[in-house]
Amino acid sequence: GRVIRSQRKGNPKSIYKTHSMHRVAPASFRPIDFIERKGYIKGIVREIVHDPGRGAPLAKVQFRDPHRFRIQTEYFLAAEGMYTGQYIYCGIKAKLTIGNVLPVNKIPEGTIVCNVEQYPGDNGQFARASGTYALIIGHSEDGLKTRIKMPSGIKRTIKGDSRAMIGIIAGGGRNEKPICKGGKVQHMRKPKRKKNMLCGVAMNPVEHPHGGGNHQHVGKPTTISRYASAGRKVGLIAARRSGRLRGGVKAKLALMNKDI
């Protein structure tokens with residue numbers, strides 16, 4: 001058969017290579033240092049910028065270097081309500097206002113946060129998409145562990161020293177606007193290197209393992225072995241289970257929490 005789409009995505013010279021030319025910067029916090037562990041540091045939001053390929057806007061935040069005469073520039077994920085000229089405070093003694101960055105064990109229960117670190121100093125891993133947020137559920141008595149509720153509904157325990165930003169990621173409701181025509185989809189997918197999103201059952205047998213047949217049907221199990229050859233590895237790869245989770249949302253969340 002022909003080289004299928006998933007194989008072409010592995011070729012660095014194909015049309016599926018990453019479109020990172022116009023990207024602004026990776027979104028991250030300041031590198032964690034002594035001044036954040038013991039006090040706080042003040043920065044100022046210089047501008048709010050669009051990052052191609054990212055739904056959420058970025059905030060260009062500048063700090064004075066605490067050790068030498070220079071300016072440090074960081075790109076934070078913009079929280080809803082941030083504005084140019086706003087002062088941002090990062091550290092253990094920062095106040096609880098939108099845009100500030102604190103360790104999660106210093107944030108009260110019930111607070112809405114975003115860009116939460118999985119491990120202290122990893123610059124943020126959870127709740128980074130536009131309009132998303134995490135919820136502080138509770139803390140351990142010694143403050144070493146904090147329980148958070150993720151945007152998916154899963155509850156997760158992280159270290160209390162992990163940092164988070166107060167507020168909701170800006171750009172919420174981005175996908176609620178109707179698309180109306182196919183050309184807009186092409187422009188939306190262009191910076192994400194997503195092209196030719198045709199489903200396999202609509203193809204010919206030479207182009208995809210799910211192609212062909214008198215009616216559009218797969219005709220075989222969609223689960224496939226981890227060790228299948230590259231041209232056959234489509235569908236649910238090495239799936240432990242498939243099918244709908246019966247029993248409503250509670251059963252689904254219980255199963256997801258058990259996996260974690």
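The values are calculated or read from the model by the stated rules, or taken from the named source; none is laboratory data. It should be emphasised that the depicted structure is a prediction, and the values quoted were computed from it without experimental measurement. Backbone-built Cβ (ideal geometry, glycine too); neighbour counts: all protein chains shown. Protein only, heavy atoms only, side chains kept; ligands, DNA and RNA dropped before computing areas. Shrake-Rupley method; radii C 1.70, N 1.55, O 1.52, S 1.80 Å.
Please report, as a whole percent, how much of the solvent-accessible surface of the chain comes from carbon and sulfur atoms (probe radius 1.4 Å).
Details: 8570 of 16470 Å².
Solvent-exposed carbon and sulfur of the chain make up 52 percent of the total.
Can you list the equivalent-ellipsoid semi-axes of the chain, largest first and in whole Å, using the square root of 5 times each Cα gyration tensor eigenvalue?
Values: eigenvalues 332, 121, 57 Å².
Working from the Cα gyration tensor, I get semi-axes of 41, 25, 17 Å.
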Exercise. Mind checking which aspartates and glutamates have their C-alpha under 14 Å from Lys190, skipping anything on the same chain fewer than 8 residues away?
Worked result: Asp51
Problem set entry | Tilt relative to the chain, helix 248-259 - C-alpha long axis, 0 to 90 degrees, to 10 | 70
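Per residue, how large is the accessible surface of region 109-260? Use a 1.4 angstrom probe and give square angstrom.
Values: 10020 Å² over 152 residues.
Dividing the accessible area of region 109-260 by its residue count gives 66 Å².
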For this session: With label points built 7 Å along Cα→Cβ from the Cα atoms of Asn175 and Thr73, find their separation and express it in nm.
Result: 3.2
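Could you please tell me the mean projected area of the C-alpha convex hull for region 16-165, averaged over all directions and given in square nanometres to one decimal? Intermediate results must be reported in sequence, preceding the final value.
On the way: hull surface 38.8 nm².
Quarter of the Cα hull surface area: 9.7 nm².
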Exercise. Looking at this model, which pairs from Lys9/Lys252; Lys9/Lys194; Lys42/Lys145; Lys184/Lys233 are more than 21 angstrom apart at the alpha-carbon?
Worked result: Lys9/Lys252; Lys42/Lys145; Lys184/Lys233
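Can you check what the net charge comes to around Gly55, using other residues whose Cβ is under 11 Å from the Cβ of Gly55 (Lys, Arg +1; Asp, Glu -1)?
Details: positive: Arg54, Arg128, Arg174, Lys192; negative: Asp51.
Charge balance in the 11 Å sphere: +3.
Taking the solvent-accessible surface of protein heavy atoms with a 1.4 Å probe, what is the per residue accessible area of region 23-83 in Å²?
On the way: 3440 Å² over 61 residues.
Normalised by residue count, the accessible surface of region 23-83 is 56 Å².
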Exercise. How far, in nm, would the chain grow between Lys155 and Lys220 when pulled straight, counting 0.36 nm per residue and subtracting the alpha carbon separation?
Worked result: 19.8 nm
Problem set entry | Scattering profile of region 1-53 at q = 0.25, 0.28, 0.30 Å⁻¹ [log10 I(q)/I(0), Debye over alpha-carbon scatterers] | -1.05, -1.12, -1.17
